[in-house]
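The values are calculated or read from the model by the stated rules, or taken from the named source; none is laboratory data. Since the structure is predicted, the reported quantities are computational estimates derived from the model, not experimental observations. All Cβ positions, glycine included, derive from the backbone under ideal geometry; neighbour counts span all protein chains shown.
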Amino acid sequence: MKSTGRGVYIQRSTKRVSVQTSTVRIFLWLLLQDRLLTQNNLLIRNWPANDGCPCCFDHPLETATHLFLLCPFANSIWNRVRHLYNITTLLFTEDVIAFWLRNRPTVGVKWDTIWAATTWTIWKERNNRIFKSVARPSFLLMQEITTLVDLWITLA
């Protein structure tokens, strides 16, 4: 994915897309198994972890549920996604899996793709903030989400 003065475009390469979707599938599997290396899972393994959520700096322990659902940063992204895709209501829950499954019937066919692109983008942003000390503006995150949704629906 490259950014130009005219917006964002994707280099069309089957190899690159298949590698990317494999990475995202592994990420989603880890997320649904609660095995992502968030702070709570790092501490369980006795690995060093930073204190607090890297996106809101307000929560003492980063968990997948906090990062993807309860964090004010994630909430603002989900609200933008809701408006962008004309989703009337998102049913927020205390669990990532329940959030995904409860919204499937109300949102429709695109929901799996929207959910995957949004969670993947939030995860990448979290990693950028931790490892590169770079926080991208939300409009760039929304561009990335819409680009991924469009690409993945085209490839499906």
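Look at region 86-111: where a residue is without any contact (Cβ under 8 Å) to a residue 12 or more places away in the chain and of a type outside the set (A, V, I, L, M, F, W, C) and a partner is part of a helix (DSSP H, G or I) and surrounded by 14 or more Cβ atoms within 10 Å (Cβ to Cβ), sitting 6+ places away or on another chain with Cβ atoms under 9 Å, you get Arg104/Trp111; Arg104/Asp112; Arg104/Trp115; Pro105/Trp111. Could you tell me which residue of region 41-78 is nearest to Thr93 (Cα to Cα), considering only residues that are of a type in the set (A, V, I, L, M) and in contact with a helix residue (DSSP H, G or I) (Cβ under 8 Å, 6 or more places away or on another chain)? Only one residue fits best here, namely Leu69.
Selection of region 109-156 for residues being of a type in the set (Asp, Glu) and within 15 Å of the chain's Cα centre (by Cα) yields Asp112, Glu125, Glu144.
Candidates in region 115-156 are the residues that are among the hydroxyl-bearing types (Ser, Thr, Tyr) and in contact (Cβ under 8 Å) with a residue 60 or more places away in the chain; of these, the one that is surrounded by the most Cβ atoms within 10 Å (Cβ to Cβ) is Thr119. Scan region 114-156 for residues that are aromatic (Phe, Trp, Tyr) and farther than 20 Å from Ala64 by Cα and the total you get is 2.
If the condition is being of a type in the set (A, V, I, L, M) and surrounded by 13 or more Cβ atoms within 10 Å (Cβ to Cβ), then region 46-91 contributes Ala49, Leu61, Ala64, Leu67, Leu69, Leu70, Ala74, Ile77, Val81, Leu84, Ile87, Leu90. The set of residues in region 24-40 that are of a type in the set (S, T, N, Q) and touching a helix residue (DSSP H, G or I) at 6+ places or on another chain (Cβ under 6 Å) contains only Thr38. The one condition from (1) outside any helix (DSSP H, G or I); (2) under 21 Å from Leu30 (Cα atoms); (3) of a type in the set (Phe, Trp, Tyr) that Trp115 does not meet is (1). Among the residues of region 18-26, are any surrounded by fewer than 11 Cβ atoms within 10 Å (Cβ to Cβ), of a type in the set (A, V, I, L, M), at pLDDT 90 or above and within 16 Å of the chain's Cα centre (by Cα)? Yes, some residue in region 18-26 is surrounded by fewer than 11 Cβ atoms within 10 Å (Cβ to Cβ), of a type in the set (A, V, I, L, M), at pLDDT 90 or above and within 16 Å of the chain's Cα centre (by Cα).
Among the residues of region 91-101, at least one is part of a loop (DSSP other than H, G, I, E, B), β-branched (Val, Ile, Thr) and more than 19 Å from Ile145 (Cβ to Cβ). For region 35-76, filtering for residues that are hydroxyl-bearing (Ser, Thr, Tyr), assigned to a loop (DSSP other than H, G, I, E, B) and out of contact with any Asp or Glu (no Cβ under 6 Å at 6 or more places or on another chain) leaves 1.
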